[in-house]
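Derivation of every value follows stated rules applied to the coordinates shown; laboratory data play no part. Not measured: the values here are computed from a predicted model. Every residue, glycine among them, receives a Cβ derived from its backbone with ideal geometry; neighbour counts consider all protein chains shown.
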Amino acid sequence: MNEAFKQNIESVRHRISVAAEKSGRSSDDVTLIGVTKYVDAGVTREIVEAGCVNLGENRPQVLWDKAAELADLPIRWHMIGHLQRNKVKRTIEIADLVHSVDSPRLLTAINEAAKGLNKKVEVLLEFNVSGEAAKHGFEPDQISNAIEVAAGLSHVAVNGLMCMAGLNGDQGDARREFAMLRQLAESNESDSPANVELKELSMGMSGDFEIAIEEGATLVRVGSLLLK
Ligand SMILES: *Cc1c(COP(=O)(O)O)cnc(C)c1O
């Protein structure tokens, strides 16, 4: 057992529960996703054995390779990076949740591949809430259209929304961006179709996960703090 990883995980979990309590929520409502994109399969194994079974990867090929190598472990895989349509099929065979759906075309491609595999795929819609040009994601005003597209898809379930805070902003900017994602979910939840339920908010990384939890995050994606 890697003691340093175990302590890192415990420390982040403690900070999660403090942030949850501060905002009147339960730490059970927040899932820690360990982002293992910085390390190889061997180190990823140590993270799982130290107690973190929800793992996020941002590159499809790495996700496939690690999933094959670590098939003996009870990992829940999260695809958190940009997904090209030609990599959809293999990715949805592995990922329990795709966080980074950023276009109607990708939604449709996932649905088609899911049909072929005879499964329903759970996804989040990624939004560009910081307005930074380099960021992937729907623009906030595209949400009605995205939901409308999703409504017509038999093999996709939209569980919520995802975002990243801007790279150039401060903590106040991050808070505003997280609050914007929450409001986007809240204001579109009530009249959404049966396969769209905007309950999950995937937001917050090593530098801002506590702020994200205060603003309603249910999934936090933490990498460098766990691996240090
Ligand atoms: C790398 C990455 C993270 C984790 O970032 P850290 O700052 O290392 O915690 C979270 N989400 C996404 C989408 C990432 O690419």
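Computed quantities for the displayed model
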{"quantity": "Neighbourhood charge, 9 Å Cβ-Cβ cut-off, centred on residue 138 and excluding it, Lys, Arg +1 and Asp, Glu -1", "calculated": "-4"}
{"quantity": "Student exercise, the stretch 146-196 dipole from Lys, Arg, Asp, Glu Cβ charges, in Debye to nearest 20", "calculated": "100"}
{"quantity": "Gaussian network model of the chain, springs between alpha carbon atoms under 10 Å - residue of 207, 169, 34 with greatest fluctuation", "calculated": "169"}
{"quantity": "R0 of 41 Å, Cβ-Cβ distance residue 112-residue 3: FRET efficiency to nearest 0.05", "calculated": "0.35"}
{"quantity": "Shape parameters for the chain, alpha-carbon atoms, Rg then Dmax in Å", "calculated": "16.9, 48"}
{"quantity": "Dipole-positive endmost among 83, 4, 27 within the chain (Cβ charges, Cα centre)", "calculated": "83"}
{"quantity": "Neighbour net charge for residue 77 - beta-carbon separation under 9 angstrom, K R +1, D E -1", "calculated": "0"}
{"quantity": "Two-site FRET efficiency, residue 65 against residue 224, from Cβ-Cβ distance with R₀ of 22 Å, rounded to 0.05", "calculated": "0.55"}
{"quantity": "Listed residue pairs exceeding 31 Å between alpha carbons, taken from 115/199; 22/120; 22/115; 87/199; 22/119; 115/228", "calculated": "22/120; 22/115; 22/119; 115/228"}
{"quantity": "Whole-Å semi-axes of the ellipsoid equivalent to the stretch 1-107 (Cα gyration tensor, √5λ, descending)", "calculated": "26, 19, 10"}
{"quantity": "Dipole of the chain, positive direction: furthest Cα of 73, 192, 163, with charges on the beta-carbon", "calculated": "73"}
{"quantity": "Magnitude of the charge dipole, the stretch 47-129, Cβ model with Lys/Arg +1 and Asp/Glu -1, debye to 20", "calculated": "400"}
{"quantity": "Under the span-like rule (Cα at least 15 Å along the axis, Kyte-Doolittle mean at least 0.0), DSSP H helices of the chain", "calculated": "104-117"}
{"quantity": "Estimated dipole of the chain in Debye, rounded to 20 [Cβ of Lys and Arg +1, of Asp and Glu -1, Cα centre]", "calculated": "560"}
